[in-house]
Structures are given as C-alpha cells and as structure tokens.
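The values are calculated or read from the model by the stated rules, or taken from the named source; none is laboratory data. Fair warning: this is a prediction, and the values are worked out from it, not measured in the lab. Glycine gets a Cβ as well: all are built from the backbone with ideal geometry, and neighbour counts include every protein chain shown. Surface accessibility is based on the protein's heavy atoms, side chains included, excluding ligands, DNA and RNA. Shrake-Rupley method; radii C 1.70, N 1.55, O 1.52, S 1.80 Å.
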Amino acid sequence: MARKFGIFFTIFCILSTSCLGDWNILSQHKTNSGLQISLKNYCESWRMNVELHNIRDYVVVPQECVAYIGKYMTSTQYKVDSERTINECILYLSTNCILENDGKDAWIFDIDETLLSSVPYYKKNGFGGNKLNVTSLEDWISQGKGTALEHSLKLFNHLKGLGVQIFLVSSRREHLRSATVDNLVKVDFYGWNSLILRDQEDECKNAQTFKAEIRSKLISQGYRIVGIIGDQWSSIEGLPSAKRSFKLPNPLYYVA
C-alpha cells in the first residue's frame with residue numbers, strides 16, 4: 001500500500017509541476033513592450049479591441065480566450081455593458097433627439113445579439129472557438145429558441161411609446177422569416193413597422209453593403225433614421241448613416 005501511495009504521489013507531483021510550469025510561463029508572458037500580463041489581461045484586451053473595431057475579420061475566438069469569452073457572455077458584466085448602451089439610447093432620445101411625430105421618425109434594430117440572444121446556441125458550440133456552421137445555426141434559429149435581451153426590449157417598447165417607426169434589419173435569410181417572427185413575438189417583441197431580411201439577390205452582398213442599401217431605401221421613402229442599434233459594426237457603418245448609432249457588445253463572432 002505504501003509503495004502504491006508513493007507511486008501515486010510521485011505522479012501527482014509530476015503533473016502538478018507541469019501545470020504550475022505552464023501557468024508560470026503564462027503568467028510571465030510579456031507584451032511587445034515588455035509588460036508582464038496574465039491570460040485574463042490578454043483576453044480582456046482582445047475583447048476590448050474587438051469592440052473598438054481594432055480587431056476585424058476574425059473567424060474564431062482565440063482558443064486560449066474561449067473560456068474567458070464564454071464567461072463574459074454569461075456574466076453580470078455583459079448585462080451591465082448592454083444595459084449601459086440601452087440607457088445611453090434612451091438618454092439620447094430624451095435630450096438630443098428631435099422627433100417630428102409625423103410617422104417618419106425611424107429607428108433600426110439588428111436582431112441577433114441585439115433583440116434575440118443566441119448565446120444558448122454558442123454555449124453548446126464552443127463560444128465562438130469553433131468555425132461557424134451556418135446550417136447548424138440556421139437549424140437552431142428555425143426552432144425559435146432565441147431568448148429576449150431584456151434591456152433591448154425596454155428600448156423597443158420605449159420607442160413604440162414615442163411613436164417612432166421601428167425597422168428590423170437582419171442578415172438572416174428570407175427563408176427564416178416565419179421562425180424569426182414567431183420567436184420575436186414569443187418573447188414580447190411586436191409592433192414593428194417592417195422586418196427586412198436577406199433575399200436571394202442579397203446573397204452576394206456583405207452585411208454592411210446590404211444594410212446601408214436598406215437605409216438608403218428608407219430615406220428615399222421619406223423616413224428620418226434617428227437611430228440604429230446593433231452588435232456588429234457592419235450594422236451601423238456605411239452611408240447613409242443614422243443621426244446616432246449605438247453598438248452592443250458581442251465578441252462571439254464577426255460579421256463584415
């Protein structure tokens with residue numbers, strides 16, 4: 001028995017030393033300037049630079065940051081960051097936004113990670129660490145499992161109360177219309193003016209081009225776009241622009 005315990009203890013010490021060695025290497029990692037950083041420092045910096053649009057066109061979340069991103073997307077901090085964005089929207093509407101109240105004041109919402117959360121899907125599929133499987137994601141969307149982002153629902157209802165025309169503009173494809181409508185209504189999003197999805201003729205356009213063209217069409221119809229909110233820069237960049245644009249946090253994936 002003593003001999004077996006000794007062997008077990010020896011193996012345990014070897015494994016523990018190996019793990020500690022890896023952690024020490026990681027904790028002593030240095031930036032180009034020589035600054036010593038931890039894994040948390042590295043991943044927080046990566047996430048922040050995604051939000052600032054300094055990091056673009058990434059296909060997957062860095063493997064060493066998958067756990068960190070998953071923790072963030074299910075954390076109180078994510079909710080606080082989202083709530084702050086919504087509060088800034090409402091502050092803008094109450095202070096610097098002049099509404100004409102003639103039925104032509106308009107606001108544009110994206111859908112995924114703006115009105116509906118697909119975090120439950122990504123939780124089961126690597127929190128952005130795996131290359132996106134469009135077929136798998138669309139199958140999940142077709143089941144109407146998206147959950148409401150409660151702070152966005154607050155803004156949505158606030159805009160309805162102000163008489164602002166609400167347009168939902170999403171990169172989702174047209175064949176998902178029925179599932180999208182059902183999902184939105186199920187979690188209390190209703191009363192929008194129009195839901196605009198990608199048609200077959202839009203397949204070759206990137207998201208920014210597609211959404212900018214929709215804004216142009218709305219303006220040509222006499223609408224004044226007083227605001228846009230989305231989780232991707234491609235939802236809010238490009239011309240013509242809204243009077244104010246607001247971005248919600250989302251480091252899970254990048255849509256150009």
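Observations on the structure shown:
- Cα-based helix-to-principal-axis angle, 2-27 vs the chain, degrees rounded to 10: 40 degrees
- Rounded to the nearest 10 square angstrom, Tyr68 shows an accessible area of 50 square angstrom against a 1.4 Å probe.
- Amide H to amide H, with H built 1.01 Å from N, Ile55 comes under 5 Å of Val50, counting only residues 5 or more places away or on other chains.
- Using the rule -39500 (n - 2.57) for each DSSP H run of four or more residues, divided by the residues of the chain, the 222 nm mean residue ellipticity is -14500 deg cm²/dmol.
- Using Cβ point charges alone (K and R +1, D and E -1), the dipole size of the chain about the Cα centre works out to roughly 660 debye.
- Accessible area (Å², per residue) of region 139-256, counting only protein heavy atoms and a probe of 1.4 Å: 44 Å²
- Residue-wise HN-Hα coupling along region 88-101, computed from phi with Karplus coefficients 6.51, -1.76, 1.60 (Hz; x: Gly, Pro): 5, 4, 5, 4, 4, 5, 8, 10, 10, 9, 9, 9, 7, 6
- Within the chain, longest stretch clear of exposed GluC sites (Glu not before Pro) (DSSP loop, no more than 11 other Cβ within 10 Å): 101-202
- Phi-based couplings in Hz for region 210-227 (Karplus 6.51, -1.76, 1.60; Gly and Pro marked x): 4, 6, 5, 5, 5, 4, 4, 5, 5, 5, 5, 8, x, 7, 9, 7, 7, x
- Of (1) 53, 38, 34; (2) 81, 44, 31; (3) 85, 41, 34, the label for Cα extents along the principal axes in Å derived from the coordinates: (3)
- Springs join every pair of Cα atoms under 10 Å in this Gaussian network model of the chain, and among Asn96, Asn130, Asn193 the largest mean-square fluctuation is at Asn96.
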